Amino acid sequence: MEYKNIEDWILNRLPSYQNSGSVAYKPGLDNIKKFINELKLSINKLKFIHVGGTNGKGSTCSYISSILQESNYTIGTFTSPHYFDYRERIKINNHKIEKSYITSFIKEYKNLIEELGLSFFEVSFGLSLSYFVQKKVDYAIIEVGLGGRLDATNIINPLVSVITNISFDHTEILGDTLELIAKEKAGIIKEKSKLVVGQRNHLTDEIFINKCKEKSSEIIFAPDLSKEINYSEIDYFNENIKTSIETCRALNLKALNDDVIKRGIDNVYLNSDFFGRWSLVQVNPMIIFDSAHNESGFKSIADQISKTSYNKIYVLLSFVKGKKIKDLTRHLPVDSNIYYTSLKIERAMNLQEIELNIDNNFIFDEDSKKLFNSIKKEASNDDLILITGSNYIAKEIFNEK
């Protein structure tokens, strides 16, 4: 019961961007630096890979981790969000951080955390660094939380930084043009290191090239080097897989070869419990969960739907406040049967906001589990049920712990 109390304190007492939005966002590195200093962590002993970008960060982290595990390295991963269990965020070789470690850490530093006024993300990141240092991981893969330049994770000095792609998301914080967003995300590029960029874009390429020149760092555009091979049946995974391969190659590891890379790709689910992007939850009917929450993500979903065989399609949507629903849903098939629900978080888009954004009649139920079950009853075995718009709904619907 002690861990449950600690977990509740972390999830509910600390200011979280996921739950509260920008009011909980604390840009800047001063607080996290003070925290790490008080923890007396020698984080420079760790070999870091820093993964930023708009979409695909989580899957890229998973594939990098899997490939390096197949190279017989011990790999720590700090990622967000979690879907079912807070401990998903901090793992070593796909083993979640021990409950006892979290409990002892929070008990020891709770007063310091409150004194510094740390956010949920800052505490989680500090916890992960403490864990990785103690366990002496060979490589620590760190996913950027939001942006890059002012993100708490930007205190590290990685061997390789990764920017998966640049598209519109969190524009109220990062800027409303791709160039402004790219400049924020380019903030993770460090002196005399390497940058792997996962996607070419004429609006942002020069920003990354110039930043690398300024930092005397090497830039690698993954699309320029990757072989024309499709590693996955899910089209939008392939770009992230190629980015992951080039990231691992940039480490110049003796143990890395084509066979190891193939095993890493093939065993990604075994090595990382990869979940959240076009995740097949059930067949007959086919139930897919995807955490897409911006226009670029919805375009990727739409492309995959067009390659999927089904009779009818049912789409269950949930969003956080402020999302431009029409810009997202216009990418869905015109014959989609669309349902809306709300989330059990402070930032949830409620019925009133949905009504302001949608012209036509629609079906809404704030009980997401009830709505999901009614859709399943209506669907036949050859139909497709897609659940998307937010990561938060996964736990509400699938009731895993």
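Here are 344, 370: which of them is touching a residue at least 12 places away in the same chain (Cβ under 8 Å) and closer than 26 Å to residue 81 by Cα?
Numbers: 370 fails: touching a residue at least 12 places away in the same chain (Cβ under 8 Å).
From the options 344, 370, the qualifying one is 344.
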For residues that are surrounded by 21 or more Cβ atoms within 10 Å (Cβ to Cβ) and among the aromatic types (Phe, Trp, Tyr), tally how many sit in segment 56-76. 1
Checked pairs for segment 77-89, first surrounded by 20 or more Cβ atoms within 10 Å (Cβ to Cβ), second modelled with pLDDT of 95 or more and in a loop (DSSP other than H, G, I, E, B), C-beta under 7 Å and 6 or more apart or across chains, list as 89/79
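What about residue 374, is it in the same structural domain as residue 304 (by TED's automatic domain parsing), assigned to a helix (DSSP H, G or I), of a type in the set (Ser, Thr, Tyr) and within 22 Å of residue 305 (Cβ to Cβ)? Reasoning before the result, please.
Values: in the same structural domain as residue 304 (by TED's automatic domain parsing): yes; assigned to a helix (DSSP H, G or I): yes; of a type in the set (Ser, Thr, Tyr): yes; within 22 Å of residue 305 (Cβ to Cβ): yes.
The answer is yes for residue 374.
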For segment 75-86, does any single residue satisfy the condition of being closer than 30 Å to residue 218 by Cβ, of a type outside the set (A, V, I, L, M), in contact with a Ser or Thr (Cβ under 6 Å, 6 or more places away or on another chain) and assigned by TED's automatic domain parsing to the domain that holds residue 203? yes
Residues being in contact with a strand residue (DSSP E or B) (Cβ under 7 Å, 6 or more places away or on another chain) and acidic (Asp, Glu): count how many of those fall in segment 336-367. 0
I need a count of the residues in segment 75-132 that are under 17 Å from the mean Cα position of the chain (by Cα), small (Gly, Ala, Ser) and closer than 17 Å to residue 6 by Cα. 2
Residues of segment 36-55 that turn out to be surrounded by 24 or more Cβ atoms within 10 Å (Cβ to Cβ) and either touching an Asp or Glu at 6+ places or on another chain (Cβ under 7 Å) or over 22 Å from residue 146 (Cβ atoms) (or both), as a count: 1
Filter pass, residue 80 being assigned to a helix (DSSP H, G or I) and either modelled with pLDDT under 95 or among the polar types (S, T, N, Q) (or both): no
All but one of (1) modelled with pLDDT under 95; (2) aliphatic (A, V, I, L, M); (3) surrounded by fewer than 17 Cβ atoms within 10 Å (Cβ to Cβ) hold for residue 112; state the number of the condition that does not hold. (1)
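Could you tell me which of the residues 305, 261, 301 is buried (at least 19 other Cβ atoms within 10 Å of the Cβ), in contact with a helix residue (DSSP H, G or I) (Cβ under 7 Å, 6 or more places away or on another chain) and not in a loop (DSSP other than H, G, I, E, B)? Talk me through it step by step, then tell me what you get.
Working: 305 fails: in contact with a helix residue (DSSP H, G or I) (Cβ under 7 Å, 6 or more places away or on another chain); 301 fails: in contact with a helix residue (DSSP H, G or I) (Cβ under 7 Å, 6 or more places away or on another chain).
The match here is 261.
Condition test on residue 296, is it at pLDDT 95 or above, out of contact with any Leu (no Cβ under 9 Å at 6 or more places or on another chain), polar (S, T, N, Q) and not in a loop (DSSP other than H, G, I, E, B)?
Details: at pLDDT 95 or above: no; out of contact with any Leu (no Cβ under 9 Å at 6 or more places or on another chain): yes; polar (S, T, N, Q): yes; not in a loop (DSSP other than H, G, I, E, B): yes.
No, not satisfied.
Name the one entry in 151, 176, 235 that is surrounded by 24 or more Cβ atoms within 10 Å (Cβ to Cβ), modelled with pLDDT under 95 and not β-branched (Val, Ile, Thr). Write out each step before concluding.
Values: 176 fails: surrounded by 24 or more Cβ atoms within 10 Å (Cβ to Cβ); 235 fails: surrounded by 24 or more Cβ atoms within 10 Å (Cβ to Cβ).
None of the other options fit; the residue is 151.
Return yes when residue 315 is in a strand (DSSP E or B), of a type in the set (Val, Ile, Thr) and within 24 Å of residue 350 (Cα to Cα) and no when it is not.
The answer is yes for residue 315.
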Condition set of a type in the set (Lys, Arg) and under 24 Å from the mean Cα position of the chain (by Cα), scope segment 26-44, selection modelled with the highest pLDDT: answer is 33
Only one of (1) among the polar types (S, T, N, Q); (2) touching a helix residue (DSSP H, G or I) at 6+ places or on another chain (Cβ under 9 Å); (3) surrounded by fewer than 14 Cβ atoms within 10 Å (Cβ to Cβ) does not apply to residue 361, and that is (2)
Can you name the number of the only condition in (1) touching a helix residue (DSSP H, G or I) at 6+ places or on another chain (Cβ under 7 Å); (2) in a loop (DSSP other than H, G, I, E, B); (3) among the hydrophobic types (A, V, I, L, M, F, W, C); (4) under 23 Å from residue 380 (Cα atoms) that residue 256 fails? (4)
Residue, surrounded by the most Cβ atoms within 10 Å (Cβ to Cβ), within segment 364-385, restricted to residues that are of a type in the set (S, T, N, Q) and more than 20 Å from residue 320 (Cα to Cα): 374
Yes or no: segment 234-245 includes at least one residue that is in a loop (DSSP other than H, G, I, E, B) and within 19 Å of residue 58 (Cα to Cα). yes
Among 350, 381, 360, which is touching a Pro at 6+ places or on another chain (Cβ under 6 Å) and not aliphatic (A, V, I, L, M)? 381
Looking only at segment 324-342, which residues are surrounded by fewer than 20 Cβ atoms within 10 Å (Cβ to Cβ) and assigned to a loop (DSSP other than H, G, I, E, B)? 324, 330, 331, 332, 333, 334, 335, 336
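The values are calculated or read from the model by the stated rules, or taken from the named source; none is laboratory data. Bear in mind the structure is a predicted one, so any value in this text is a computation, not a measurement. Neighbour counts are summed over all protein chains in view; Cβ atoms, including those assigned to glycine, are modelled from backbone coordinates with ideal geometry.
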